[in-house]
Amino acid sequence: MNEYSLIILLMGSILACGVAYTIGLFHKLNVYTVHSRYLEATQLTGAVLLIMGSSITSVKGITSPYWPWIFLPVLISFIGASLLVFPFSRMGYLFADRETLLQAGIISASIVLYSQFTASQLRGFVWGTLVVGTLILMMLMIKIPLSLRINMPLGRCMLRLASWILVLHSWVRYYGIEKSATCPHYWIMLLYLSALLMWLYSVVMVHWILSRWL
């Protein structure tokens, strides 16, 4: 197993753990608020789709010359991230402050890079829209614990830093795709990995604190 496979495996594992703790966080909030099995089922479905789409994209989707292998995994990830974030929105744990709107705007602007990825500009635009949309949803998912007052100051700081790293990643990710298996590519992957690690640490801490209170 080479370095690329190890990093991909590590990122996939961290993403899966973070998603699992996010689902656990929602379950604890749901038990004491809306008591909705539908929202829990929706989130679980979204988690499966997000992990599945991210795994396919990492292994084959980006490097495949065939259009469906570029489009479908990203579409699956987008649907999964939407279903994962939607229950928190229904419960009022998503907020759009100035920082979040600025981050979403910066990520959205990166679509100008992704539209050049495929031979067809229309296909590139569609693919880029799904990539940008998925990144925005993941940024919102990272910032969900910020809406909980029980979050520690260190956790809040790490979540905000992780969200900004994801914003930076949205712009440099394209160059990592263009120059795969090179030193800049690995640095871009490590940038994303650092954001995942900070998010995982923070959501685990929030889950632990919430478990003591509820």
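Is it possible to state the helix-based mean residue ellipticity at 222 nm for the chain, with each DSSP H run of 4+ residues giving -39500 (n - 2.57), the sum divided by total residues, to the nearest 500 deg cm²/dmol? What is it?
-27500 deg cm²/dmol
Considering the values [x] 1.28; [y] 1.00; [z] 1.06, which represents Cα Rg over 2.2 N^0.38 Å as calculated for the structure under consideration?
Step by step, Cα Rg over 2.2 N^0.38 Å for this structure corresponds to label [y].
Which peptide among 147-155, 86-94 comes first, and what is the full order, when sorted by highest mean count of other Cβ atoms within 10 Å?
Highest mean packing first, the order is 86-94, 147-155.
About the Cα centre of the chain, what is the dipole size in debye to 20, counting +1 per Lys and Arg Cβ and -1 per Asp and Glu Cβ, all else neutral?
360
Rounding to the nearest 10 and keeping the result within 0 to 90°, find how far the Cα-based axis of helix 121-143 lies from the longest principal axis of the chain.
Long axis of 121-143 versus the principal axis of the chain: about 30 degrees.
Place the peptides 74-80, 167-173 in order of packing, highest mean first, counting for every residue the other Cβ atoms within 10 Å and averaging per peptide.
Answer by packing, highest mean first, reads 74-80, 167-173.
For the range 88-103 and the range 1-47, write down the distance between their C-alpha centroids in whole Å.
19
Let me check against my output: what whole-number percent is the relative contact order of the chain, with C-alpha pairs under 8 Å and at least 6 apart?
23
On the protein heavy atoms, probe 1.4 angstrom, tell me the percent of accessible surface of the chain carried by carbon and sulfur.
70
How do the peptides 43-56, 125-138 rank, highest first, by the average count of neighbouring beta carbon atoms within 10 Å per residue?
Going from most to least packed, we get 125-138, 43-56.
Can you give me the accessible area per residue for the chain, using a 1.4 Å probe, in Å²?
51
The values are calculated or read from the model by the stated rules, or taken from the named source; none is laboratory data. Keep in mind it's a predicted model, so treat the numbers as computed, not measured. With ideal geometry, Cβ positions are generated from the backbone for all residues, glycine too; neighbour counts draw on all protein chains shown. Heavy atoms of the whole protein, side chains included, go into the accessibility calculation; ligands, DNA and RNA do not. Shrake-Rupley method; radii C 1.70, N 1.55, O 1.52, S 1.80 Å.
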